[in-house]
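In what follows, a single structure is set out as structure tokens and then discussed.
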Amino acid sequence: MAIPGQLNPSPRLLLGPGPCDAHPRVLAAMMTPLLGHLDPQFLAIMTETQEMLRQVFQTKNELTIPISATGSAGMETCLVNLIEPGDRAVICTAGYFGNRMVEIAGRCGAVVTVKEAPWGTVFSLDQLRDALKTTRPKVLGIVHAETSTGALQDVSQLGKLCHEFDTLLLTDCVTSLGCTPVKLDEWEIDAAFSCSQKGLSCPPGLAPVSLSPRAGEVLKKRKTKVQSWYLDLTAIQSYWGGERAYHHTAPITMVYALREGLRLVLEEGLEARFARHVRNHLALRAGLTALGLKYLAAEGNQLPQLNAVRLPEGVDDVAGRKRLLNEFGIEVGGGLGEFKGKAWRIGLMGYNSRPNCVFQALAALELVLSGAGVKVERGAGVAAAERAYAG
Ligand code: PLP
């Protein structure tokens with residue numbers, strides 16, 4: 001085989017469900033020289049990263065660590081550390097990622113009760129109270145921002161409710177962290193995980209995880225060994241925490257990236273960042289609505305960072321997205337599960353929550369939709385977004 005040419009990917013605007021584009025400052029940080037994973041300078045970088053991660057998760061949790069893998073490993077880390085074979089778990093699913101949690105909890109040996117809601121909807125506190133009352137689980141797992149449907153699940157009162165039943169609350173914050181408020185301490189969340197490639201504007205590769213002292217106690221009192229060696233938080237903590245004992249070789253460059261991504265979040269300020277995501281979402285939503293597109297999630301439950309809309313009749317999913325990619329360099333996501341072939345998911349996450357992404361997406365979508373035979377008023381999407389920004 002001839003040696004392949006030098007890497008030269010085409011420029012893309014990543015407006016799908018993730019990864020989004022990494023911030024240029026993150027990419028610059030990744031070009032700095034490697035340190036050894038036990039170098040005192042790197043150890044200081046780890047401490048800084050953890051401290052900033054706590055601020056972004058809005059927690060004082062000591063056990064706050066970026067796991068060396070993607071968001072799914074964050075999910076697996078929380079479940080495998082908290083669940084011992086035979087433990088009861090209630091997993092709430094209203095989309096694709098809730099189902100992934102069901103699958104992993106089952107593999108951890110949990111006796112899983114699945115609490116289902118139609119895709120695109122969210123759970124009420126009363127529905128979840130019933131599930132807690134009848135099952136009395138050790139863990140209740142729920143997705144905060146369901147990327148497959150674009151729905152935001154309110155979890156602000158759920159931790160308190162779980163604690164009335166002596167249940168730990170586990171929350172998937174993969175698509176929420178860095179985009180919408182995540183308040184681990186105020187909301188009494190016991191275990192949360194996220195990813196690096198969305199709201200934190202880094203490449204994929206790290207999964208921030210945080211456990212409350214209550215969850216830490218449960219971990220300490222386990223009767224059996226954690227089923228996964230790599231994801232055993234007690235062992236990982238001895239590297240990230242006090243002892244600095246070798247566990248596995250940290251992905252140095254990814255930690256640099258995360259450190260820079262977190263610096264960007266804190267420099268901007270959490271409230272300003274959340275407001276920016278809402279502002280750009282409202283402009284995109286105005287434009288998409290003017291193009292005749294309808295959201296999967298009801299108003300009031302829509303994620304600002306992930307706009308999931310139904311494809312109009314007659315538009316071919318794959319052909320439409322191919323045109324967006326090949327002619328305009330824009331990636332959007334297709335539908336997952338029930339919405340496969342029926343929806344597009346447009347992400348405005350972290351660095352990519354910007355007016356120029358909104359206008360580029362709307363202009364390209366107008367051309368692609370009208371090219372597919374959809375009647376759209378020319379310029380209506382861009383004009384509606386402009387009005388939304390002005391108003
Ligand atoms: N949970 C949610 C809500 C997600 O959106 C994703 C990925 O997009 C995951 C979990 C899995 O994360 P990863 O693909 O980084 O493993």
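The values are calculated or read from the model by the stated rules, or taken from the named source; none is laboratory data. As the structure is a prediction and not an experimental result, all values here were calculated from the model. In this analysis, Cβ positions are derived from the backbone assuming ideal geometry, glycine residues included, and neighbour counts consider all displayed protein chains.
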- Pick out the one residue from Leu219, Leu231 that is assigned to a helix (DSSP H, G or I), touching a residue at least 12 places away in the same chain (Cβ under 8 Å) and either assigned by TED's automatic domain parsing to the domain that holds Gln360 or not hydroxyl-bearing (Ser, Thr, Tyr) (or both). Leu219
- Taking interchain pairs and intrachain pairs at least six residues apart, which have beta carbon atoms under 6 angstrom, with the first residue in segment 165-187 and over 27 Å from Thr135 (Cβ atoms) and within 12 Å of the ligand (Cβ to nearest atom) and the second assigned to a loop (DSSP other than H, G, I, E, B) and at pLDDT 95 or above? Leu177/Ser194; Leu177/Gly199; Cys179/Gly199; Cys179/Gln305; Cys179/Met349
- Return a yes/no flag: does segment 12-23 have any residue that is within 12 Å of the ligand (Cβ to nearest atom) and basic (Lys, Arg). no
- Query: Does Leu306 count as surrounded by 15 or more Cβ atoms within 10 Å (Cβ to Cβ), modelled with pLDDT of 95 or more, more than 20 Å from the chain's Cα centre (by Cα) and closer than 17 Å to Leu15 by Cα?
  - Reply: no
- Please verify whether segment 357-374 includes one or more residues that are closer than 13 Å to Gly18 by Cβ and buried (at least 21 other Cβ atoms within 10 Å of the Cβ). no
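One line per residue, one yes/no per condition, for (1) exposed (fewer than 15 other Cβ atoms within 10 Å of the Cβ); (2) within 16 Å of the chain's Cα centre (by Cα); (3) in contact (Cβ under 8 Å) with a residue 60 or more places away in the chain:
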site: Leu206; (1), (2), (3): no, yes, yes
site: Gln227; (1), (2), (3): no, no, yes
site: Glu243; (1), (2), (3): yes, no, no
site: Ala250; (1), (2), (3): no, no, yes
site: Leu264; (1), (2), (3): no, no, yes
site: Glu271; (1), (2), (3): yes, no, no
site: Phe274; (1), (2), (3): no, yes, yes
- Message: I'd like to check something: does segment 65-76 contain any residue that is over 21 Å from Ala207 (Cβ atoms), in contact with a strand residue (DSSP E or B) (Cβ under 9 Å, 6 or more places away or on another chain) and within 16 Å of the ligand (Cβ to nearest atom)?
- Response: no
